[in-house]
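Participant: I have a structure here, written as structure tokens, and I will follow up with some questions on it.
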Amino acid sequence: METDLFIAGKWVPASSGGRFDVHDPATGDTIASVADGGEADAIAAVDAAAAAGPAWAAAPPRVRSEVLRRAFALMTERASELAKLISLENGKALTDAKGEVTYAAEFFRWFAEEAVRGEGAIATAPSGANRILVVRQPVGVCVLVTPWNFPAAMATRKIGPALAAGCTVILKPASDTPLTALAMAAILAEAGVPEGVVNVVPSRSSGKVVSAMLRDARVRKLSFTGSTEVGRILLAQAAENVVNTSMELGGNAPFLVFADADLDAAVDGAIIAKMRNGGEACTAANRFFVEAPVADEFARKLAQRMSALVVGPGTDEKTQVGPLVNEDTVAKVDSLVRGALEGGAEAVTGGSRPTGPGFYYPPTVLTGVAADAPILRQEIFGPVAPIVTFTGEAEAVRLANDTEYGLVAYVYTGDLARGMRVSEAIEAGMVGINRGLVSDPAAPFGGVKQSGIGREGGHDGLLEYLESKYIAVNW
Ligand code: NAP
């Protein structure tokens, strides 16, 4: 496969000639080397995106739509090879990788459909003096920065709406998972994306490369998915040129189980909310709050299911939980669990890092976790479920909101009125009631508080790449 930079429709080496290695998280072995884009390459990509902008913005929406639709078809046709690639460089189990390819491709299909639903508004000014016309125009050149945990879906969730809106883009993928991004570039080119409309610049000096692009006045939008820590840095940089930003940042999802819930359904939902992607998801349930009368039974049932999961290399068909992405991630999970155990928690299953190669951590359930334990404050990003008990609805809401994050929350209850009440009281951009999975290309995905700004997916996702222009008119 192509491993160079993709700029102006061509595969080119880095101007420095530099390359960096990509590793298999199951073994730590090198699987490929990729061109290491620098500041000059990033600016060349901005040149290409700026040059391609006017023609792409003027292309009929139907043309933009059909390109995206072809990209959807190609991704679907090549789903199994893409899934293998994701699994190889990210480590996730093949079933998770297949799920990601389907989810990722759906963003192309959804935004192919949205591309031809462009709308504006017309009204009469309250004074009666004139008409108010609102037209929507593409924002312009967009820099898209994505994380390693969903290397395909986080890219398509941005490229789909950007292209549908008539914007041109430079994608800077995570350096742990550049291969999937390059495979997406090849698919988009084959689908008929004109040269310069999509550019991909992997880099080991992400900070410098993204800063260089944000300093370039031709860049009008930054869409970032990643940690809150890096999001804050980029928001400050984007402020310099007052660049339009969308920020999909970290999460610390509460998973609430009320005593009136269907407990088996809650355990099924917990497995999905916790273990999709081996726990490496911003939507992963991070804190389990279970009402006291059912807490022991829930912990026992969850531990039974977690301990039965098959751990192994992601590319093995039997594997249900792959390795984590790299040494830093597994070391962080290990240290959070050790901290919780030292603070008095008990590991019902799992709880210690195995020896041997690869970045593995076993599915773990912790009970008796202290309220101030760091594991309840930080994103775990691994297969660990800390359980805390509560009494009554008010305490459940207080615990759920006791975080600076606000991405998603899960609520299990047999009383729909309670479910709705609690959903409205929880500070989060998304809530699943009796569901452990909320992500859907047709729905607005995003967070409140320090989980981000803006929404991706749904109709809202398209609006992030459009500016409203108001024209006062008399006729
Ligand atoms: P990260 O460290 O913030 O990195 C995200 C991206 O930013 C990567 O491409 C990274 O490149 C780049 N980057 C790092 N430092 C940068 C800097 N100073 N300037 C510009 N770019 C920089 O996050 P991650 O570890 O890849 O991903 C995990 C995080 O993403 C978690 O916090 C998770 O919750 C969040 N996430 C959020 C959502 C959402 O929709 N809300 C979805 C998925 C993940 P390098 O790889 O080269 O460092």
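Please treat every number below as a calculation from the coordinates, not as lab data. All values derive from a computational prediction rather than experimental measurement. Neighbour counts are summed over all protein chains in view; Cβ atoms, including those assigned to glycine, are modelled from backbone coordinates with ideal geometry.
Participant: With a cut-off of at most 10 other beta carbons within 10 Å, and DSSP calling the residue loop, which chymotrypsin sites (Phe, Trp or Tyr not before Pro) in the stretch 260-321 qualify? Please list them.
Facilitator: none
Participant: Just list whichever of LYS208/LYS274; LYS84/LYS208; LYS158/LYS449 have alpha carbons separated by over 27 Å in the model shown.
Facilitator: LYS208/LYS274; LYS84/LYS208
Participant: Which of THR389, ILE433, PRO54 sits closest to the plus end of the dipole of the chain, meaning its Cα is farthest towards the positive end, when Lys and Arg get +1 and Asp and Glu get -1 on the C-beta?
Facilitator: PRO54
Participant: First measure r as the distance between the Cβ atoms of SER307 and ALA442, then evaluate 1/(1 + (r/R0)^6) with R0 = 41 Å and state the FRET efficiency to the nearest 0.05.
Facilitator: 0.70
Participant: Moving on to the next point. State, to one decimal in nm², a quarter of the convex hull surface area for the C-alpha atoms of the chain, i.e. the direction-averaged projected area.
Facilitator: 23.4 nm²
Participant: Output the antiparallel fraction of DSSP beta bridges having both residues in the chain, as a percent to the nearest 5.
Facilitator: 40 percent
Participant: Note down the magnitude of the dipole of the stretch 365-475 about its Cα centre, charges +1 on Lys and Arg C-beta and -1 on Asp and Glu C-beta and zero elsewhere, to the nearest 20 debye.
Facilitator: Roughly 100 debye for the stretch 365-475.
Participant: Follow-up. Whole percent per 10 Å bin, from 0 to the bin with the longest distance: what is P(r) over all C-alpha pairs of the stretch 232-272?
Facilitator: Result returned by the calculation: 22, 27, 16, 18, 16, 1.
Participant: Follow-up question, since we're still on this one. List the residues whose amide H sits under 5 Å from the amide H of ALA32, counting only those 5 or more places along or on another chain, with H placed 1.01 Å from N in the peptide plane.
Facilitator: Those qualifying (amide H under 5 Å, at least 5 residues apart or on another chain) are VAL22.
Participant: Now for a separate question. Can you give me the P(r) profile for the stretch 2-83? Cα pairs, bins 10 angstrom wide beginning at 0, each as a whole percent.
Facilitator: Per 10 Å bin, starting at zero, the Cα-Cα P(r) for the stretch 2-83 comes out as 15, 28, 35, 19, 3 percent.
Participant: Where does the stretch 352-452 land on Rg/Rh, using Cα atoms and the Kirkwood Rh?
Facilitator: Rg/Rh for the stretch 352-452 comes to 1.00.
Participant: Lys/Arg Cβ at +1, Asp/Glu Cβ at -1, dipole of the chain taken about the Cα centre: which of ILE471, ALA181, PRO194 is farthest positive-ward?
Facilitator: Looking along the dipole axis, the top candidate is ILE471.
Participant: Projected onto the charge dipole of the chain (+1 at Lys/Arg Cβ, -1 at Asp/Glu Cβ, origin at the Cα centre), which of GLY250, GLY28, GLY458 gives the Cα projection farthest towards the positive end?
Facilitator: GLY458
Participant: What is the ratio of the Cα radius of gyration of the stretch 367-426 to 2.2 N^0.38 Å, where N is its residue count, to two decimals?
Facilitator: Normalised Cα radius of gyration, the stretch 367-426: 1.18.
Participant: Is the shape of the stretch 197-249 best called rounded, prolate or oblate, per the rule: a/c under 1.5 gives rounded, else a/b larger than b/c gives prolate, else oblate, with a ≥ b ≥ c the square roots of the Cα gyration tensor eigenvalues?
Facilitator: rounded
Participant: Here is a further query. Given the C-alpha centroids of the stretch 328-344 and the stretch 61-130, what is the distance between them in whole angstrom?
Facilitator: 38 Å
Participant: Same structure, new question: Let me spell out the model: positive unit charges on the Cβ of Lys and Arg, negative unit charges on the Cβ of Asp and Glu, origin at the Cα centre of the chain. What dipole size does that give, in debye rounded to 20?
Facilitator: 1100 debye
Participant: Continuing with this model, one more query. Around ALA285, which amide H atoms from residues at least 5 apart in sequence, or from another chain, sit under 5 Å from its own amide H, with H modelled in the peptide plane?
Facilitator: For ALA285, whose amide H was placed from the backbone, the distant partners under 5 Å are LYS274.
Participant: On to the next question. HN-Hα J couplings of the stretch 343-356 from phi, Karplus 6.51/-1.76/1.60, θ = phi - 60°, integer Hz, Gly and Pro as x?
Facilitator: Each residue's phi maps through the Karplus curve to give x, x, 6, 10, 8, 6, 8, x, x, 8, 6, x, 8, x Hz.
Participant: Now for a separate question. Would you kindly calculate the mean projected area, averaged across all directions, of the convex hull enclosing the Cα atoms of the stretch 1-151, in square nanometres?
Facilitator: 12.3 nm²
Participant: If you don't mind, there's one more thing I want to ask. For the stretch 166-208, what class follows from the C-alpha gyration tensor (a ≥ b ≥ c being the square roots of its eigenvalues): rounded when a/c is under 1.5, otherwise prolate if a/b is larger than b/c, else oblate?
Facilitator: oblate
Participant: Which of rounded, prolate, oblate describes the stretch 225-337, given a ≥ b ≥ c as roots of the alpha-carbon gyration tensor eigenvalues and a/c under 1.5 marking rounded, otherwise prolate only if a/b is larger than b/c?
Facilitator: Oblate is the answer for the stretch 225-337, as a/c is 1.5 or above yet b/c matches or exceeds a/b.
Participant: How large is the convex hull of the Cα atoms of the stretch 221-290 per residue, expressed in Å³ as a whole number?
Facilitator: Hull volume over Cα atoms, normalised by residue count, gives 95 Å³.
Participant: To continue, here is another question. In deg cm²/dmol, rounded to 500, what helix-only [θ] at 222 nm does the chain give when every DSSP H run of at least 4 residues adds -39500 (n - 2.57) and the total is split over its residues?
Facilitator: -13000 deg cm²/dmol
Participant: THR27 label point, 7 Å along Cα→Cβ, cut-off 13 Å on backbone N: hits in the stretch 311-352?
Facilitator: Backbone N within reach: 313-316.
Participant: Also, I was wondering about something else. Using amide H atoms built 1.01 Å from N in the peptide plane, name the residues 5+ places from ALA59, or on other chains, whose amide H lies under 5 Å from its own.
Facilitator: none
Participant: Right, next: At a threshold of 8 angstrom on Cα-Cα distance, excluding pairs fewer than six apart, so keeping six or more, what relative contact order does the chain reach in percent?
Facilitator: 19 percent
Participant: Under the Kirkwood approximation for Rh and a Cα-based Rg, what ratio Rg/Rh is obtained for the stretch 285-368?
Facilitator: Rg/Rh: 0.99.
Participant: Between GLU395 and THR76, what FRET efficiency comes out of the Förster formula 1/(1 + (r/R0)^6) with R0 = 56 Å and r the beta carbon distance, rounded to 0.05?
Facilitator: That pair, THR76 with GLU395, gives E of 0.75.
Participant: How high is the FRET efficiency from VAL12 to ILE122, r the C-beta distance, R0 41 Å, rounded to 0.05?
Facilitator: With a Förster radius of 41 Å, E is 0.35.
Participant: On the first, second and third principal axes, largest extent first, how far apart are the outermost C-alpha atoms of the stretch 109-182 in Å?
Facilitator: Its Cα atoms span 58, 22, 18 Å along the three principal axes.
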